[in-house]
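Worksheet for the structure shown next.
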Amino acid sequence: MNETDIPERLIGHRQLPDASSAVSAYEAVAKLHGFILPDEFPLQLGPAGRKPGFGDSSLLGSFGLQTRDDRFSPIQAIDVIVRETKEGRYPLAYLFSNSTDWERSWHVGLFARHRSSLLLINLAEGKVEVSGRAAIRKRLIRTILATPGRKGIHIMTYRLPAAV
C-alpha cells in the first residue's frame, strides 16, 4: 500500500520526533475535519505536544469535539469502528505495538473508511497498517493477547460540534 491509500488530508501527516502518538492522532482527526490545514502541525509543535496521553482529549475539545473514551471487546470494537467510520468519523485506539524483553510499546492508531475500505492507519509512518474487518479484528486481538488481564480495546470516539 502507498500514501494514496490513505485519506488525502493525511498525506504528509506524520508523528513528529518528540510528540506523543496521542497528540499526533488528535491532530490527524482535526486535519480530517478541516480544523487544521494538512501541512501544519500546530498541536505537535505546540507546548502540549509531548504531554497528553491517550484519554486526555482536551486538545480535541479545543475544536469543539465531544469525546468518549471506552473499552470494548474486539468484536464490540469492530462494531464501533464500523459505525463511526460509516458516519464519517475517525475513531482512535490505543494498541499494543511491540515488545522486547525490557520494553512494551503502545501506539495510537486511527481508523478510517477510505475508497470503501476499512483501514487502520499508522500515523507515525503515515501509511495503512492493515485493512479490512478481518485484519483489523486480528490486530485488536493481538493487543488483548499481548496484555493478559486487559479489560478491552481502548477506543476514543467523538461527536462533531453542532452546525452554527
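Each value in this text was obtained by applying a stated rule to the coordinates, not by laboratory testing. Source: prediction; values computed, not measured. Glycine gets a Cβ as well: all are built from the backbone with ideal geometry, and neighbour counts include every protein chain shown.
Legend: ranking of residues Ser73, Ser20 from fewest to most surrounding C-beta atoms inside 10 Å; resulting order Ser73, Ser20.
Derived scalar couplings between HN and Hα for segment 119-131 equal 10, 10, 9, 8, 6, 5, 9, x, 8, 6, 7, 8, 9 Hz in order, rounded to whole Hz, by the Karplus curve 6.51 cos²θ - 1.76 cosθ + 1.60 (θ = phi - 60°), x for Gly and Pro.
Within the shell defined by Cβ-Cβ distances under 12 Å, the residues around Val130 carry a net charge of +4, with Lys and Arg each +1 and Asp and Glu each -1. Taking square-rooted eigenvalues a ≥ b ≥ c of the alpha carbon gyration tensor, is the chain rounded, prolate or oblate, where a/c under 1.5 means rounded and, failing that, a/b exceeding b/c means prolate? Here the chain falls in the rounded category.
Between Glu40 and Glu8, full extension at 0.36 nm per residue minus the direct alpha carbon distance yields a gain of 10.1 nm.
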